[in-house]
Every structure is written in structure tokens, then in C-alpha cells.
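The values are calculated or read from the model by the stated rules, or taken from the named source; none is laboratory data. Since we're looking at a predicted model, the values are computed, not measured. A quick note on method: Cβ atoms are made from the backbone with ideal geometry, for glycine too, and the neighbour counts reach across all protein chains shown. The protein model used for the area step is the full one, side chains on, heavy atoms only, and it has no ligands, DNA or RNA in it. Shrake-Rupley method; radii C 1.70, N 1.55, O 1.52, S 1.80 Å.
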Amino acid sequence: MNIQLASGAPGARILGLGAYRPRRRVTNDELAQVMDTNDEWIQTRVGIAERRWASDDETLVEMAVAAGGKAIAASGLSPDEIDLVIVASASLRAPIPGIGPQVAHRLGTGRPGAFDLNAGCAGFCYALGVVADSIRAGSARNALVVGVERLTDVTDQTDRSTAVIFADGAGAAVVGASDEPGIGPVAWGSDGDQYSAIEIAAGRSTMTMAGQAVYRWATTKLTATLVEAMEKAGVGPADIDVFAPHQANLRIVESMTKRLGFPESTVVARDIVQSGNTSAASIPLALTALIESGEARSGDLALVLGYGAGLTFAGQVLVLP
Ligand SMILES: CC(C)(COP(=O)(O)OP(=O)(O)OC[C@H]1O[C@@H](n2cnc3c(N)ncnc32)[C@H](O)[C@@H]1OP(=O)(O)O)[C@@H](O)C(=O)NCCC(=O)NCCS
């Protein structure tokens, strides 16, 4: 007897985006008052002018619900039409339970499949790949992906090489079935031999990062993944309206942009200047900022790439909602 399979949709696309930026802005000058750093070093080496830090009441769940609620509202769906929720985060303090089910419940989505996914700063793109394939396979009809971080909880605030970089926030996307593909095949992978390059070592509560090694890896190895994502989607650099890589370091963004040779008209996300590195939240935060400012428009073709702890990487081509 053959097992019956679900019939999926021809494609999946993003129906709505949402973001939550914590209230508290922290400038470089403020950091320079408590550690041996300065605005010039941070702006030159990392490109950050300010970042947002979450207050006690801005928990992972609260920020995920705020961003997820906005994405659902923007999608035009009602919450009970969502049947899959994935929360991507690398800063969960308590592994049990995962926060996906609670976020889904708080958003009034009924009883969807709900879980957390940790692929470091690549989490949002990993989750997007999973939900797009789930919708095409018929396992889900509409899905919510949230990237949420409180990296300040896992950063050693006396370590100037990480404390100036990592920040907090949440971004979300609702993905639904579509006749035309709006999310290209994911190009993903991992370099697990470098697992200790960004880690919270056993017995520790804060992260350490081999900054130069990560910088070298990001600027030399990941161009091929960006090219792979475009090739899988059947497009080239000249077709890309918006380039929104993970906002890890402005110099990495500029290096990737130069290597790929986009046309002048391609809009490049530089949300790191205002938001710092928000790991799994950085790509939806950056896309939302570009749409709100009018720099990116509905229907634009975007290339995204997440990368980070693991080491992990994932990217795809998207049509913006
Ligand atoms: C972390 C990073 C900004 C450091 O920049 P860098 O140019 O590699 O700097 P180095 O680590 O070589 O340090 C250079 C000097 O600056 C100092 N320094 C480090 N952080 C500093 C800060 N916030 N302010 C001032 N000086 C600082 C170092 O102590 C070192 O001083 P020394 O020469 O006296 O020893 C950079 O390596 C980077 O961005 N890497 C990628 C990290 C990343 O993207 N991670 C996220 C992936 S998800």
C-alpha cells in the first residue's frame, strides 16, 4: 500500500514583514564611557554608529510577538491561517521549553507546528528555506518565521571586541503559498570545523569570537554561496534590486557588494549602522527598514545571505512583499 502524500503549492512567497526595535538606543560615545573604545574605531572597523539594547521587559518572547504580529498584519492573513511557526534565535537562555509554541499561542495562531531553530546568524535564512519547502511539499500553507535576539544577554560587556558589535531586536516574515515562486531555492551549508570561532564555551555564559578568522571566512568563502543562490533561482547580479546580507560588519557588506558586481541601481542594506549585529534578526530588520524608507519596493528582487556561529550559512533570492 502506498503512503498518500500531501499536495503542495507551486511556490511560496513572503506576504508580509514586521520588525521590533528595542526602545533603548546606545551610541558609541556611551560605550566609550564604560570601556576602552571610541566612536572612530567602531565606525571604521565595524561601521556601527548606534545599536538597540533590550530592556528587561523586552524579552525574546515579547519582541518576537511584536515583530510577528506586525508581519501577520502586513500579510493580510488572520492569525489562525498560520499553520507553521519557526522562531530562529541564538540567544535563548533556557533551552526547555522552546519559545516557538508560546509565540504562536500569544499571536492567536491556534495550534500550528511550532519550534525554535538555532543556526546562529544564519537562522532566519535557514528557517525561510524550511518554510518555503514545507509549503511546496504541502506540509504547511502559511508560515511565520521570526528572527529574535537578545545578544546583550550572552555578550561579555567587558570584552570590547564583541560588546560594541552585538545588539538586540526582532524581525519576522509571513510566507504563504503562491502560484509564481517568490522564494528561490536555498543555498545553504556549514563549516563545522570552525565550530569554536563563535561560541559560548561549556561552563560559560557569554560568547567569544575569533573576529579575524570570521572576517576572513565571510569575505572569502561566502561569495560562492551568493552566486549559488542566484544561479539556483536563475538570476544574475544585474537582476538584483536589493542586496541584504547579514549585518555583521559594514566592511563585510561592502566587500561582498564589490565582489558580486551589482549594477549601481542595486540598493544595499546597511542597517548595521543603526542596529548593530542582531544575528538572526538582522535580515528582516534590514529589509523592513528599506521598505519603510522607500528605498526598496514591493516586487523588488532581493538577495539575502545569513552566516554565523556553527559556522553556518544560507541564502536565497526573494520577491519583496
Ligand atoms: C571584530 C572585528 C571588528 C575586529 O576588528 P579587527 O580589525 O579584526 O581588529 P583586531 O581584532 O585585529 O584588533 C585590533 C586592535 O583593536 C583593538 N580593539 C578591539 N576591539 C576594540 C574596540 N571596540 N575599540 C577599540 N579597540 C579595539 C584590539 O584590542 C587590537 O588592539 P592591539 O592591536 O593593541 O592588540 C573584526 O575582526 C570583525 O568584524 N570580524 C568579523 C566578526 C563578525 O562578523 N562576526 C559576526 C559573525 S555573525
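Data overview
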| read-out | value |
| --- | --- |
| Residue 206 vs. criteria within 16 Å of the ligand (Cβ to nearest atom), among the hydroxyl-bearing types (Ser, Thr, Tyr), open to solvent by less than 40 Å² (accessible area, probe 1.4 Å) and within 26 Å of residue 87 (Cβ to Cβ) | yes |
| Scope the range 7-44; condition open to solvent by 60 Å² or more (accessible area, probe 1.4 Å) and either outside the structural domain of residue 78 (by TED's automatic domain parsing) or more than 16 Å from the ligand (Cβ to nearest atom) (or both); matching residues | 7, 10, 13, 21, 23, 24, 25 |
| Selected residue (criterion: farthest from residue 60 (Cα to Cα)) from residues of the range 110-144 that are assigned to a loop (DSSP other than H, G, I, E, B) and out of contact with any His (no Cβ under 9 Å at 6 or more places or on another chain) | 138 |
| Every pair of residues 6+ apart whose Cβ atoms lie under 9 Å, when the first sits in the range 209-229 and is assigned to a helix (DSSP H, G or I) while the second is open to solvent by 70 Å² or more (accessible area, probe 1.4 Å) and near the ligand (Cβ under 8 Å from one of its atoms) | 215/251; 219/251 |
| Among (1) hydrophobic (A, V, I, L, M, F, W, C); (2) within 16 Å of the ligand (Cβ to nearest atom); (3) in contact with a Lys or Arg (Cβ under 7 Å, 6 or more places away or on another chain), the one test that residue 48 misses | (3) |
| Subset of the range 235-273 that is without any contact (Cβ under 8 Å) to a residue 12 or more places away in the chain and assigned to a loop (DSSP other than H, G, I, E, B) - its residue that is surrounded by the fewest Cβ atoms within 10 Å (Cβ to Cβ) | 264 |
| Count - residues of the range 283-320 that are aliphatic (A, V, I, L, M) and assigned to a helix (DSSP H, G or I) | 7 |
| Counted residues, the range 164-195 - those being within 25 Å of residue 60 (Cα to Cα) and surrounded by fewer than 19 Cβ atoms within 10 Å (Cβ to Cβ) | 1 |
